[in-house]
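> Attaching a single structure in structure tokens format; questions to follow.
Just so it is clear, none of the values below were taken in a lab; they were calculated from the coordinates. This one's a predicted model, so the numbers in the text were calculated from it and none came from an experiment. When we count neighbours, we look across all protein chains shown, and the Cβ atoms used for this are built from the backbone with ideal geometry, even at glycine.
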Amino acid sequence: MTTMAGSTPARLKVILGENNIEKLTLPNGIPESLEDLLGTIKTTFGLKDNLRLQYMDQDFGNDFFDLNSTTQLQNLGTVKINTEFQRLMAVPLEGKFMAQLDVHSSQLIKVIRAKGGATRQKIANIMDTLDQDCGADDVQRDLDQVTMAVFVIRKEGEGLQEPPADIGIVTEGVEVLHELTSVASACALLLGLIYALNLAYPKPFRFTFEVLQKIFMQLDQHKMSPKVQNLYIKLQSSQ
């Protein structure tokens, strides 16, 4: 295990679950790598599942944020095991997503069509972009630059009624999955990848992924943002 140079012993409060809090003593200080810290927590508390850690940030009213580096920690700090990640790993991703898509799709289309003003124009611009045909070089250049995306490739001259030649997922410009069965399946798997790789939601799409997580996958629903809560209420109005 690698520890920080010149480090001193440290202690962390570890929230393992509701009413389950432990103290972690680190004689050699806080590990330099997140992987080493995860290994220590797993060994100390007998955990075997994939873990996602969050840390308490005093600058934001002691809210918990995803832990991306051990430099975000200090002695006597607090970390929490993200139980939503563990729950997601136990959920049949595609089956759950497809079932909720069937439940909400009709009302979601009505909500989108009812939008006006700037939102309507933004949606129209997105749809225009989706309808455009791009050359292979243009597509590859765009995919190399995106943080994460679902891509759909169609053979030249084929319309939307024809099955795509390929559907896949790109993260940080790298194709990580391809030959998927549908765009809906790709969205479900992308959400799983975000959790598995401990990635942050891209800011431009944070509400989109929050909808996928909290409405479609029904995870952490009690922590919806006002915007997503409003959409959820509208989706429930017809049920």
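> Please report His222, His178, His104 as a ranked list, fewest other C-beta atoms within 10 angstrom at the top and most at the bottom. Spell out each step's value before the answer.
Numbers: His222 5, His178 13, His104 20.
Sorted ascending by nearby Cβ count, the order is His222, His178, His104.
> Only residues of the stretch 53-68 count here: report those whose backbone N is under 12 Å from the spot 7 Å along Cα→Cβ of Ser225, or say none.
none
> Follow-up question, since we're still on this one. Extending each Cα 7 Å along its Cβ direction at Lys13 and Lys203, get the distance between those two points in nm, one decimal.
3.1
> Another question about this same structure. Return a whole-number percent for the relative contact order of the stretch 88-236, with Cα pairs under 8 Å and 6 or more residues apart as the contact set. Intermediate results must be reported in sequence, preceding the final value.
Working: 130 pairs, mean separation 37.3, N = 149.
For the stretch 88-236, the relative contact order is 25 percent.
> Next question, about the same structure. For the pair Ser106/Thr181, report the inter-label distance in nm, with labels modelled 7 Å from Cα in the Cβ direction.
2.3
> Provide Arg141, Arg206 in ascending order of the number of other Cβ atoms located within 10 Å of each residue's Cβ, fewest first. Intermediate results must be reported in sequence, preceding the final value.
On the way: Arg141 11, Arg206 14.
Fewest-to-most Cβ neighbours within 10 Å comes out as Arg141, Arg206.
> Sequence neighbours fewer than 8 away in the same chain don't count; with that in mind, list the lysines whose C-alpha is under 27 Å from Lys214.
Cα-Cα hits under 27 Å: Lys48, Lys80, Lys96, Lys110, Lys115, Lys122, Lys203, Lys223, Lys227, Lys234.
> Based on other C-beta atoms within 10 Å, arrange Glu210, Glu158 from fewest to most. Don't skip to the answer; put the middle values down first.
Values: Glu210 18, Glu158 12.
Neighbour counts put them in this order, fewest first: Glu158, Glu210.
> Now, a different point. How much length is gained if the chain between Leu193 and Lys96 is pulled fully straight, taking 0.36 nm per residue apart and subtracting their Cα-Cα distance, in nm to one decimal?
Working: separation 97, 0.36 × 97 = 34.92 nm, distance 1.56 nm.
Difference between extended and current length: 33.4 nm.
> Roughly speaking, what is the stretch gain from Gln140 to Leu47, that is 0.36 nm per residue apart minus the C-alpha to C-alpha distance, in nm to one decimal? List each step's numbers first, then the result.
Working: separation 93, 0.36 × 93 = 33.48 nm, distance 4.11 nm.
Residue separation times 0.36 nm, minus the Cα-Cα distance, leaves 29.4 nm.
> Stretched out fully, how many nm does the piece from Thr147 to Asp166 gain, at 0.36 nm a residue minus the Cα gap? Each step should come with its number before you reach the end.
Details: separation 19, 0.36 × 19 = 6.84 nm, distance 1.95 nm.
The span from Thr147 to Asp166 would gain 4.9 nm if fully extended.
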